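Have a look at the structure below before the remarks.
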Amino acid sequence: MTYEEQRQQMVQTQLISRHICDSRVIKAFRKVPREEFIPKKNRQDAYGDYPLPIGEGQTISQPFMVALMTQALELREDDCVLEIGTGSGYQVAILAEIAKKVFTIERFSELSERAQATLKKLGYKNIFFHVGDGTCGWPQHLPYQAIVVTAGAPHIPFPLIEQLSEGGRIVIPIGGTFGQTLIRARKSVGSMEEERICGCVFVPLIGKFGWHKDDRNSF
Ligand code: SAH
């Protein structure tokens with residue numbers, strides 16, 4: 001099967017059959033070539049129903065998890081989105097297909113640079129990159145109507161709450177370093193209304209308002 005055929009099959013069997021129903025999310029997944037974001041030696045598995053290694057001990061999430069998080073953000077086409085954890089750049093590409101602008105932060109410069117090269121090659125012009133600690137957010141471009149954190153945190157970093165617009169949504173895995181609950185929180189009159197989406201396992205969010213390097217020996 002070609003990558004194109006594998007991609008359309010993935011959308012049907014991994015997303016639509018599991019109740020991903022936002023037509024803009026489905027359209028984005030039908031378009032973005034996931035294989036471009038996967039290191040060459042794992043490319044044959046690009047459309048597998050599981051996460052894959054992307055270097056620096058980090059992973060690209062399973063397609064379904066990326067879709068679930070994107071759908072939970074309830075994006076509109078004029079939204080500005082902040083993503084913490086650029087990784088391979090795949091989730092950013094999906095977000096950039098739907099929203100007006102996406103700002104993304106990664107702590108490893110090697111990963112950010114590789115993602116920038118991939119996204120440039122694919123022609124995206126509405127994605128802005130920063131290398132640094134995403135738990136502090138990116139105050140120069142606030143407010144954001146949506147924020148997605150693609151690494152597991154002990155709690156919602158408070159700068160991200162401050163940088164979210166009124167009515168804005170944040171989707172973030174919260175819990176321990178080995179397992180978390182995916183949460184959607186909505187900012188309403190200054191407080192956060194939280195909803196649980198599902199259980200999940202993400203790599204740790206390491207930073208000033210996340211986990212600290214010495215919280216677990218193997219970070
Ligand atoms: N969204 C990515 C998945 C990345 S995995 C994709 O589509 O491929 C999570 C990423 O979060 C890792 O690359 C990790 O290095 C990064 N990360 C962890 N803590 C961070 C922090 N405080 N700021 C920015 N990035 C962070």
Scaled radius of gyration (Cα, divided by 2.2 N^0.38 Å) that the chain gives: 0.94
How many nm separate the modelled label positions at Glu162 and Glu193, each set 7 Å beyond the Cα in the direction of the Cβ? 2.5 nm
Value of relative contact order over the chain, rounded to a whole percent, pairs C-alpha under 8 Å and six or more apart: 14 percent
Taking the chain as a Gaussian network, where each spring joins two C-alpha atoms under 10 Å apart, which residue of Ala117, Ala67, Ala151 fluctuates the most? Ala117
Among Lys187, Lys100, Lys125, the residue with the largest mean-square fluctuation in a Gaussian network model of the chain built from Cα contacts under 10 Å is Lys125
Under 27 Å between C-alpha atoms, the lysine pairs in region 3-218 lying 8 or more places apart or on different chains count 28
Length gained, Leu122-Gln140, 0.36 nm per residue minus C-alpha separation, equals 3.9 nm
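Every read-out reported here was derived from the displayed coordinates using simple, explicitly stated rules and does not represent laboratory data. Note that the structure is a prediction, hence the values are computed from the model and not measured. Positions of Cβ are generated from backbone atoms using ideal geometry, with glycine treated the same way; all protein chains shown enter the neighbour counts.
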